[in-house]
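Peer 1: So that we are looking at the same thing, I have put the structure below in structure tokens.
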Protein chains: 2
Amino acid sequence: MDNIAHAQQQEMIVRISEIEIHPEHLDEYKAILKEEAEASVRLEEGVIAIFPMFQKDNPTQVRILEMYKDQVAYQSHLKTEHFLKYKTTTLHMVKSLKLVDMDALDLDTAVQIFNKMPANKKYQATPPAPKPFGAEAFQKSDKTFIRWMANGG
Amino acid sequence: MDNIAHAQQQEMIVRISEIEIHPEHLDEYKAILKEEAEASVRLEEGVIAIFPMFQKDNPTQVRILEMYKDQVAYQSHLKTEHFLKYKTTTLHMVKSLKLVDMDALDLDTAVQIFNKMPANKKYQATPPAPKPFGAEAFQKSDKTFIRWMANGG
């Protein structure tokens, strides 16, 4: 690893949060966490990953892979509206919480991860909703226009 | 989530392997695992992620996030040369091994993970090594050529 990559690896925060949720709150907790994780990855440049998982055999055991660009990015994340909302609304749902800091073995390879995720239809660009014409579009006219509309006009 | 994404999520294997390594073998184990993880992600289309991490406070505790496209991809991975080499050469280094199958909360968001990894110099294209001229390049000539070599000739 060259010096630049090494410095990056040292700055970056990699963590697995080990969380146990009270079973009666699990569904509600999942919905709130999903919203928080999505917003963090989408809105915060320094949040590289917040990837929540649940043990198949014991779904109240949550593991979240978290990666932040550096301490500054992490401290800034803790002050965001979406994080504070998550933290305050789920506090009573959490039975135990352990933040386990990790060293990644190989961040060079990590950049390729998830590039191979199956294409997901939800990532198609979404056009804006159709805008119906108002009354102003139907003024009287003494002309008729004919346009060739091939290739979508 | 639409039906296609749902089917993908159900097929995909997401796992955190929890491995403890005998401390006297840790460095050697890391080197072998790094090689195996890199080869798997690079060579196998169905290996979406093999992302090894070590607990900072207890580095013999290894956690590997593994993601395979489906059972077929996983079974094929188990038969590759690089996996078999890893498995046989590290068997005596492993104190304990637990494969914990996980459900991802939100694979839609996961596809964006790691896209934000800092650019890494190691991913620059590498030119081939310089090729010195052999004796054949220095034949006698009765002419002198002058060429303008601007813009690299």
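Peer 1: Tell me which residues, restricted to region B:32-51, are of a type outside the set (A, V, I, L, M, F, W, C) and either in contact (Cβ under 8 Å) with a residue 40 or more places away in the chain or farther than 17 Å from B:Thr89 by Cα (or both).
Peer 2: Correct list: B:Glu35, B:Glu36, B:Ser40, B:Arg42, B:Glu44, B:Glu45, B:Gly46.
Peer 1: Same structure again: Starting from region B:64-87, take each residue that is in contact (Cβ under 8 Å) with a residue 12 or more places away in the chain and basic (Lys, Arg) and list its partners that are surrounded by 12 or more Cβ atoms within 10 Å (Cβ to Cβ) and part of a helix (DSSP H, G or I), counting only C-beta distances under 8 angstrom and pairs at least six apart or across chains.
Peer 2: Qualifying pairs under 8 Å: B:Lys69/B:Glu11; B:Lys85/B:Ile32; B:Lys85/B:Glu36.
Peer 1: Among (1) open to solvent by 80 Å² or more (accessible area, probe 1.4 Å); (2) within 11 Å of chain B (Cβ to nearest Cβ); (3) modelled with pLDDT under 95, where does A:Gln10 come up short?
Peer 2: Looking at each condition in turn, A:Gln10 falls short on (2).
Peer 1: Could you tell me whether B:Lys56 is in contact with a strand residue (DSSP E or B) (Cβ under 8 Å, 6 or more places away or on another chain), of a type outside the set (Ser, Thr, Tyr), surrounded by fewer than 20 Cβ atoms within 10 Å (Cβ to Cβ) and within 27 Å of A:Ile50 (Cβ to Cβ)?
Peer 2: It is true that B:Lys56 is in contact with a strand residue (DSSP E or B) (Cβ under 8 Å, 6 or more places away or on another chain), of a type outside the set (Ser, Thr, Tyr), surrounded by fewer than 20 Cβ atoms within 10 Å (Cβ to Cβ) and within 27 Å of A:Ile50 (Cβ to Cβ).
Peer 1: Against the conditions (1) open to solvent by 100 Å² or more (accessible area, probe 1.4 Å); (2) at pLDDT 95 or above; (3) of a type in the set (S, T, N, Q), where does B:Thr126 fall short? Just the number, please.
Peer 2: (2)
Peer 1: Looking at the structure I just gave you, is A:Glu35 within 22 Å of A:His22 (Cα to Cα), out of contact with any strand residue (DSSP E or B) (no Cβ under 7 Å at 6 or more places or on another chain) and facing chain B (nearest Cβ under 10 Å)?
Peer 2: Answer is yes for this residue.
Peer 1: Closer than 23 Å to A:Pro59 by Cβ, open to solvent by less than 20 Å² (accessible area, probe 1.4 Å) and modelled with pLDDT of 95 or more: which single residue out of B:Ile64, B:Ile21 fits that description?
Peer 2: B:Ile64
Peer 1: Name, by its number, the condition in (1) open to solvent by 20 Å² or more (accessible area, probe 1.4 Å); (2) more than 10 Å from chain B (Cβ to nearest Cβ); (3) within 26 Å of B:Arg15 (Cβ to Cβ); (4) of a type outside the set (Phe, Trp, Tyr) that does not hold for A:Gln71.
Peer 2: Result: A:Gln71 fails condition (3) only.
The values are calculated or read from the model by the stated rules, or taken from the named source; none is laboratory data. Bear in mind that the values here come from a model prediction, so they are computed numbers and not experimental data. All Cβ positions, even for glycine, are placed from backbone atoms using ideal geometry, and neighbour counts span all protein chains on display. For the accessible areas, the whole protein counts, side chains as well, though only heavy atoms, and no ligand, DNA or RNA atoms are used. Shrake-Rupley method; radii C 1.70, N 1.55, O 1.52, S 1.80 Å.
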